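Step one of this worksheet: look at the structure below.
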Amino acid sequence: MNNANKISSKIWSIANNLRVTFKPNEYGRIILIFAVLRRLDCVLKQNKDLVIKTYESYKDKIDGPEDVVLKKLQLSFYNISKYDLEKLKSDPNNIKQNFENYIQGYSSNVRGILKNFNLQPLIDKLHDNDKLYGVIDEYTAIDLHPNTIDNHQMGTIYEELLREFSEMTNEESGDHYTPRDIVELLVTLVFGPDKEKLQGKGLIRTIYDPCCGTGGLLSIGKKWIKDNINTDISIELFGQEQNDQTYAICKSDHLMLGENPENIRGPDLSTLSQDQFKNEKFDYIIANPPYNLTWKNEKEKIEEEFQSNSSRFIGLPPVSDGSLLFLQIMIDKMAIEGSRLGVVLNGTVMANGKVGSGSHDIRKWILENDLLETIIRLPRGMFFNTPIHTYIWIISNKKEKRRKNKVQLIDASRTYEYLRKNLNEKNKEFSQENIDKIYELYNSFEEGSNVKIKDRNDFFVRQVKITGLPFGDNSEVYKSNETVPVETKLNNLLEIFNDHFKEVVAIEEDRIGAEIYFNKEFFNFNEYNSSKNIKKKIEDIEKMKNNISSIENINKKRSKEVGINWLPKVQHGWKVLRTDFLFKNEKIKNDDLSENNLLSLTLNGVVRKNIESNEGLRPENYSTYQIVNKDDLVFKLIDLENIQTSRVGIVPEKGIISSAYLRLVPNKELIYPKYAYWYFYNLYKKHIFNKLGSDTVRSSMGVEELKKLYLPVPNSLEEQIKISDLLDNISDQINADIDNQRTKIDLLNEFKNSILFESFE
């Protein structure tokens, strides 16, 4: 775990003292605002005394001494209260009054930022419940000074907190958080090709993000240019953000790090309907707009702008998805001298809508003006809140010569590394090697198995409405590539009809649009000829997965005499040991409610659950739940005939879990927990537990029966670890194979949806 992750975990743990008193949306806001305050506090500590002395010397001489103090000390903000967070602890009896004095001591620009957190009601509630001192005390133990935690790390901390907070409140975390590996790829693609243009001293360049969140894309973009291209270049950052909390975080960090905070604008004013950078242009534009964002509430303003002479919009997409609105806004911000644009979009923006619709018109305009440079398909499972494939679009209004009138398609959907631990929907990431490989494919601009280079005209489609066909008077709609004359297609269609029908058939409408069927370019349709065959392939792989943990040659001879239920043939030098020799059984109840990290044994293993959720059956409190620790094994061996409910798991972190589960605590000097897990997992998958259960209404096993089972155990822990790692690797590979097969199903389904497109060829 890196330093940023450790600190975000430590900060989030502070919420443990707030959970009973506060709702998730409340304590989430508390830990965010106090993280901001602590960072401000750390930055100001060095000059605190000088600031107070300087302010005192001017306050009686002039009205409004703030500007003078800021200018004289060359500061962007200050705090004139005699308190900082550490000093507040010296007077616990007056903590609320003194804390309010501390907040009011900030310069007006900071107070303007803090108001977005609506802090006062939280202060009141913290104080009324005797929690204010405790929160301040815990935060003072965390060093958030930029010398300790740089901007990149602090952005990671903020966004990890936002992700956790979003999960707890069922919000869309992707609205705020773009994983760092995606950001690194995006900025590499946007800035990398301009390496020569960004050389030299005295250069000033601008970066803009229309939905900037906490500012991660902006800060990483600037850092990437400084680290990889030119340390002497001046980079100015601009962003607009509607969410009040993420806006406040972004603006406060800009303030602390010497960026111009006035370049971050919002909140409460949507970029879609309220452009706060009107008529301004930028050298680089990067963004990850929220997916499927409805613009219903802004429909009137956006339609009004669309009808005006100064509209940013060429067309209007469906009201249910504003992605193409953000894309048009970004294009509108491109400088005439030349700009590059990188944006993360979902797949719907490439082919949704009928020909002649706003979506078609937008894509057509982009292609007609030769703006689209590259589309890169990303793997599934790269984002925290969605398992779908996403795409990076690279757009330029000054394409290099070799790219003119061309569009490059890169399939990077099978380029990734698996995470050791899933983060919500995210189970994959890009390594630096992966990023370098994708950039190499982009930069070489050569066709291959994962790269297609298409003429921009290949994506134009014509839709004709034909009436008078022999199978009825109803109109039929056909599509064709723009490059194929409609008249030729129509004549081919009419060859099967007699002269009478040729006379009455007519083209009623002729509309042109654009569709980018990305998957059609890479999908080998002949490899799998039906969804049924692909489904069978997945089923076969799932069966293989069920057997991956097998220890060879399980001897299914039952021996009641010696009490060995299932004895495997073991390797030379191995021992066969009873479970109760390797494990102890403990059940420690959560009587004092000291633990509230709720865990559950699922078909996907032991996972963290939202303790505040109202889903499913909930106890009145969790005092009856048992406490488990990392590497404990847990078993649900009730209703053994139902393989979907009986299961085995290994605990990934300390928490609480239902007392209905059996718990085994490993002796780690004798047994490697993951090795034991794989063995028991094998028994579970082979339905061996089912045959050992007691004959009751629902067959089950108790802990005493479980403790009598025997395990084949290598003599050394090193060997156990090697076997376990091997099984982990095999499992990862099989998971990758399954993922690939599911991808093929997605591709096939999308291909089937494009049959109408193919039918006129």
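Every number here is computed from the coordinates shown, using simple stated rules; none is lab data. Worth saying up front: this structure is predicted, and the values here are computed from it rather than measured. FYI the Cβ positions are ideal-geometry reconstructions off the backbone, even for glycines, and counts take in every protein chain you see.
One table, with the values for the structure above:
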read-out: For Gly381, distant residues with modelled amide H under 5 Å away; value: Ile388
read-out: Karplus-derived 3J(HN,Hα), 6.51/-1.76/1.60, for each residue of region 588-593, Hz, glycine and proline x; value: 9, 6, 8, 4, 8, 6
read-out: Ordering of 282-294, 95-107 by packing [mean C-beta count within 10 Å, highest first]; value: 282-294, 95-107
read-out: Formal net charge of residues neighbouring Lys281 (Cβ-Cβ distance under 14 Å; K, R +1; D, E -1); value: 0
read-out: Filter on Lys89/Lys654; Lys201/Lys333; Lys6/Lys421; Lys87/Lys131; Lys53/Lys87 - keep pairs with C-alpha separation over 21 Å; value: Lys89/Lys654; Lys201/Lys333
read-out: Modelled FRET efficiency - R0 60 Å, Glu26 with Ile512, Cβ distances, 0.05 increments; value: 0.65
read-out: Under 11 Å, Cβ to Cβ, from Pro714 - net charge with Lys/Arg +1 and Asp/Glu -1; value: 0
read-out: Whole-Hz ³J(HN,Hα) from phi, Karplus 6.51 cos²θ - 1.76 cosθ + 1.60, for region 213-219, glycine and proline x; value: x, 7, x, x, 4, 5, 5
read-out: Euclidean distance of C-alpha centroids, region 409-456 and region 326-381, integer Å; value: 19 Å
read-out: Cleavage-rule hits, trypsin sites (Lys or Arg not before Pro), region 335-439, DSSP coil, Cβ neighbours within 10 Å at most 15; value: Lys354, Lys398, Lys404, Arg414
read-out: Proximal charge balance of Leu218 [Cβ under 11 Å; K/R count +1, D/E count -1]; value: -3
read-out: Amide H contacts of Lys654 (H built 1.01 Å from N, under 5 Å, at least 5 apart or other chain); value: Lys630
read-out: Karplus 3J(HN,Hα) series, Hz, for region 80-91 with 6.51 cos²θ - 1.76 cosθ + 1.60 (x for Gly, Pro); value: 9, 5, 6, 9, 10, 4, 5, 5, 4, 6, 6, 9
read-out: Relative packing of peptides 116-125, 235-244, 299-308 - highest average C-beta neighbours within 10 Å first; value: 235-244, 116-125, 299-308
read-out: Built amide H within the under 5 Å cut-off of Gln240, gap 5+; value: Asp209, Cys211, Cys212, Arg265
